[in-house]
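Engineer: What follows is a single structure, and I will ask about it in a moment.
What follows is calculated from the coordinates using simple rules that are stated; it is not laboratory data. This one's a predicted model, so the numbers in the text were calculated from it and none came from an experiment. Cβ atoms come from the backbone with ideal geometry, glycine included; neighbour counts cover every protein chain shown.
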């Protein structure tokens, strides 16, 4: 440390040329490829003149559907990044028997840390939040979420976090501590680099975004339901959205506080979690898992909701035991806060504590089991169409039960004493997160894609993607279960135990199969976009749906519904269709009214721009830039708060014109269906 | 390192509970999976023989059954968990033959130090124990967290700086086993595997005597050298100068081990783990 700060140190903080990993080809090349791709897209956008369109229709949009689509796009891009990490890890462990493999420890350790961080925070979270954003207001029969501009802010802050994580690839390093950055390893003494700072600041910034999204969706479900949409008439997905977002509101502040304490340790010499001066590591473990366990349910509850919608729609039946399902959802929501200690049975707590938390963890399996059985009985007596979303759902039910079994097993403390932190554990949580959350996200993607874009996805490629992913999952993760039973622990950069090796090779092969699944998914999108005219959904109701999102056109107009629908029971749209058939639907031309919608706002984007600057500056200790970024973000909000016009009016004639087209199509559908 | 090939009573009990729990759950999981596939297949839209019952959306009896099945399973497993947690509490002694052996294990960056305070010796990355004897472990860490785990002897436990955790094990059969750290601790983490030599109780005093003859002495100074970040390929052994060394480490009278040396001031420190490669 120089006594007098130099000009460079003042201007650039810790940043200098050594931050660029010129000696490490893999991140450098990967970073360069990404950079070229981004630049290419940007140039193409500018040259083709798409920039105004993107700016007005997407970047500044406060339409919940657009924001939902952008969330899902972000999640998909980050899935490729996290998936590349996974491929590199599986190859490393397949070759690193009695050798160093091709990844040195400091690189391998960054990869598994980034993989976990990205997959949870920047794939699973934005994917489910995106689907909730897209669908929930439609299902509730309303025109937008409660706080449209805040919604945009939430998305862009999440994107900021993702950007910072990716920036660490080429400037500096990412954390080498695992995805939860346990101290004291993550403290300044043992991780002096910027890796943990990248980790912590990107999660702090995106965490604000997630909290905002959570508040927004909770308010939307609680306050903005259409006429007659009682709580017990809401589609299951709205219930799970409510539960999941209540968990976000309750749990994410814990994460923010915990990371704030870690950052205080690192930046200002505090001693919350250090070895010295009375810091306590066990406190961090408790706090991070007090967020971390609910987080699992934040992710999987919306997936449960998606499966409920899909199984019911494709079985041609209402959801079996709807009230039971609601009860199960809310039970999971509450109990998930009371089980965090099962993540560290091996820390030496007494047998009473361990046993109580073990049993509490098992109790969650009861409502979860009930859900499985209710989906089962929804299929019973149904007329099941095996479209792609339904394949994902049945695949989920089979896969998730196995993950549930191993999960309950890990909740038995004496069994966990052998399996904690092992490859068995790795296999377990991939079993529930891939088999639960990712399958759910894909089911939702296939199911609601026509609603968002007005054309269906190609079924053949979709089914191929399902089968490769489904089989690839088992070929990858069953070997990891076995390796765990053979005593293999997680995060091994190399190993000398011959018995583990064949399983690592099989797992790498499984990863290849999974990769084919992802490629099929991409091809499905490409093929479907090409054939979009043939796949066009003119009715707005391609799956013979049951809930209100299918009552409007695909894609829905910006105002969603010309009239807020009147709900008279569960499965609102199914009832409407049934009544329409009986009454042969010909009612009078409705009287259209002007609709007020929120204006677009660049607040979210500008705020995130400054947040990115501030985050980057904080990571590199460039204090003047921190102040600049902070002031900029604050000023953005001030400007927004003093805005004069926050709504614009869509005139009644325009509403009428848009709605009549929709009604025509729908009438022809209903009369056709009535004829059958 | 197969968990299903236990070499001591703790591992045997752990793996019995593990297998029992799996079978208890399989009893409902297998029928459920079969039912899912069967229902999905039979009620496919193209099967004209399947009866379409769109109004079958509630049945009190079915609800009763679907809440009971998982509840009963959890009650059964909860009993297993409660009894198992108490019987297999890592802090509870595991009776054995002969006098118990006290071992104080310290996780260092990135090696294991085993101190035998009563025998006044210490070893690195090799744990030698007599078969059949009660083994009382006290564990701590010189710096970051690790987990002490010998898969075939059972229960693992965290090591943390400034704290002491307890673990009791017993090895029943002579032979060579492997142990490892089960909690990621930095660049040298995969090299924290250690040998476990289970020798006959008669040979144990001889081994102690032979080890005590070494010239290397473990005291505060040599310990501080040992706790520098790095990998230990050899298997050094020491005479223990001060039997209270472990307490000095656990009480932080000896300050925690240092982290990596910071060569570059920028984002990517060069860790002390260069010999890791």
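Engineer: Within 10 Å of each Cβ in peptide A:307-319, how many partner chain Cβ atoms are there on average? Round it to a whole number, please.
Structural biologist: Average per residue, whole number: 2.
Engineer: Between 0 and 90 degrees, rounded to the nearest ten: what's the tilt of helix A:439-453 against the longest Cα principal axis of chain A?
Structural biologist: 50
Engineer: Continuing with the same structure: Can you tell me the equivalent ellipsoid semi-axes for region B:46-188? Use √(5λ) from the Cα gyration tensor, largest first, whole Å. Mind dumping the intermediate values first?
Structural biologist: On the way: eigenvalues 473, 76, 43 Å².
Whole-Å semi-axes of the equivalent ellipsoid: 49, 20, 15.
Engineer: Let me ask something else. Compute the distance in nm between two label points, each set 7 Å from the Cα along the Cα-to-Cβ direction, one at residue B:38 and one at residue B:92.
Structural biologist: Label-label distance for residue B:38 and residue B:92, simple model: 4.1 nm.
Engineer: Among A:29-39, A:459-469, how do they line up from the highest to the lowest mean number of other beta-carbon atoms within 10 Å? Before the final figure, lay out the partial values.
Structural biologist: Working: A:29-39: 12.5, A:459-469: 20.2.
Highest to lowest by the protection proxy: A:459-469, A:29-39.
Engineer: Mind running the shape call on region A:352-430? Use the C-alpha gyration tensor, a ≥ b ≥ c as the square roots of the eigenvalues: rounded below 1.5 for a/c, prolate if a/b tops b/c, oblate otherwise.
Structural biologist: Oblate shape, in that a/c is at least 1.5 and b/c is the bigger or equal ratio.
Engineer: What fraction of the DSSP beta bridges in chain B is antiparallel, stated in percent and rounded to the nearest 5? Show your work: numbers first, answer last.
Structural biologist: Details: 28 of 42 bridges.
Roughly 65 percent of the beta bridges in chain B run antiparallel, per DSSP.
Engineer: With springs only between Cα atoms under 10 Å, which of B:137, B:184, B:148 fluctuates most in a Gaussian network model of chain B?
Structural biologist: Greatest mean-square fluctuation among the candidates belongs to B:184.
Engineer: Normalised by the residues of chain A, what does the relative contact order come to in percent, with Cα pairs under 8 Å and at least six apart? Present the calculation step by step, with values, prior to reporting the outcome.
Structural biologist: Details: 1083 pairs, mean separation 119.1, N = 676.
After rounding, I find 18 percent.
Engineer: Just the ratio, please: alpha-carbon radius of gyration of the protein assembly as shown over 2.2 N^0.38 Å, N its number of residues.
Structural biologist: Against the empirical 2.2 N^0.38 Å value, I get 0.99 for the protein assembly as shown.
Engineer: Continuing with this model, one more query. Just for the protein assembly as shown, what percent of DSSP beta bridges are antiparallel, to the closest 5? Walk me through the numbers before you get to the answer.
Structural biologist: Working: 34 of 50 bridges.
Restricted to the protein assembly as shown, the bridges split so that about 70 percent are antiparallel.
Engineer: For the peptides A:409-422, B:21-34, what is the packing order when you average, over each peptide's residues, the other Cβ atoms within 10 Å and list the highest mean first?
Structural biologist: The densest-packed peptide leads the list: A:409-422, B:21-34.
Engineer: Can you tell me the FRET efficiency between residue A:41 and residue A:599 if r is taken as the Cβ-Cβ distance and R0 is 22 Å, rounded to the nearest 0.05?
Structural biologist: Calculated transfer efficiency: 0.20.
Engineer: Just subtract the alpha-carbon distance of residue A:645 and residue A:536 from 0.36 nm times their residue separation and send over the number in nm, one decimal. Let's see the in-between values first.
Structural biologist: Details: separation 109, 0.36 × 109 = 39.24 nm, distance 3.68 nm.
Result for the pair: 35.6 nm of gain on full extension.
Engineer: Separate question: Taking every residue in A:341-348, how many Cβ atoms of other protein chains lie within 10 Å of its Cβ, on average?
Structural biologist: Counting other chains' Cβ atoms within 10 Å and averaging over A:341-348 gives 5.
Engineer: Moving on. Do you know the relative contact order of region A:78-223, to the nearest whole percent, from alpha carbon pairs under 8 angstrom that are 6+ apart? List each step's numbers first, then the result.
Structural biologist: Values: 165 pairs, mean separation 43.4, N = 146.
Value for region A:78-223: 30 percent.
Engineer: Taking the Cα atoms of chain B alone, what are Rg (to one decimal) and Dmax (as a whole number) in Å?
Structural biologist: Every Cα atom of chain B included, Rg and Dmax give 25.7, 87 Å.
Engineer: Continuing with the same structure: Relative to the longest principal Cα axis of chain A, at what angle does helix A:423-432 sit, 0 to 90 degrees, rounded to 10?
Structural biologist: With both axes taken from Cα atoms, the answer is about 20 degrees.
Engineer: With everything on Cα atoms, drop me the angle between helix B:60-87 and the longest principal axis of chain B, reported from 0 to 90° to the nearest 10.
Structural biologist: 20
Engineer: Beta carbons within 10 angstrom, averaged per residue: use that to sort the peptides B:86-99, A:433-446, A:608-621, highest first. Write down the numbers at each step before the final one.
Structural biologist: Numbers: B:86-99: 16.3, A:433-446: 25.8, A:608-621: 22.8.
The packing order, highest mean first, is A:433-446, A:608-621, B:86-99.
Engineer: On to the next question. Averaged over peptide B:253-259, how many Cβ atoms belonging to another chain are found within 10 Å of each residue's Cβ?
Structural biologist: On the way: counts 0, 0, 2, 6, 3, 2, 8.
Mean shielding count: 3.
Engineer: When DSSP assigns beta bridges and you keep just the ones with both residues in region B:15-145, what percent turn out antiparallel, to the nearest 5?
Structural biologist: Working: 9 of 16 bridges.
Counting only bridges with both partners in region B:15-145, antiparallel ones make up about 55 percent.
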